[in-house]
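Inspection log for the structure reproduced underneath, given as structure tokens.
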């Protein structure tokens, strides 16, 4: 799902708001999340997960095209940690949509 799909889905569910209003709401939410992360704040959405900024240390890397060594500076990167409820829902859905388990092979044990 991309942002446009999200806006369409919300506009369909919220009949009292126009698509343009829903788009503004989604943009505002993303802008506020970006602003919070850029100032070093942590975002936690119960039942979904949390976003935080982590610092990656400077290191020696290499250019995959040429193989030359390059120095990669220290940088801050966003990190998402999945919440327990979302993890459980995903696992539950994947189990129910998976095909039936393969039949177990019968062992040939003789009763002596």
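Each value in this text was obtained by applying a stated rule to the coordinates, not by laboratory testing. In this text, all values refer to a predicted model and were calculated from it rather than measured experimentally.
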Distance from the range 26-59 to the range 65-94 (C-alpha centre basis), Å: 13 Å
Here D for the range 3-87, in µm²/s, from Stokes-Einstein with a Kirkwood Rh over Cα pairs at 20 °C and 1.002 mPa s, works out to 134 µm²/s
Tell me the relative contact order for the chain as a rounded percent, counting alpha carbon contacts under 8 Å between residues six or more apart. 17 percent
Please give the length that would be gained between residue 80 and residue 39 if that part of the chain were fully extended, namely 0.36 nm times their separation in residues minus their C-alpha to C-alpha distance (nm, one decimal). 13.1 nm
So what's the angle, to the nearest 10 degrees on a 0 to 90 scale, between helix 84-97 and the longest Cα principal axis of the chain? 50 degrees
Between 28, 55, 66, where does the largest GNM mean-square fluctuation fall for the chain, given springs only between Cα atoms within less than 10 Å? 66
Pick from 87, 69, 20: which is most flexible by mean-square fluctuation in a GNM of the chain where alpha carbon atoms under 10 Å apart are linked? 69
Angle in degrees between helix 19-38 and the longest Cα principal axis of the chain, rounded to the nearest 10: 90 degrees
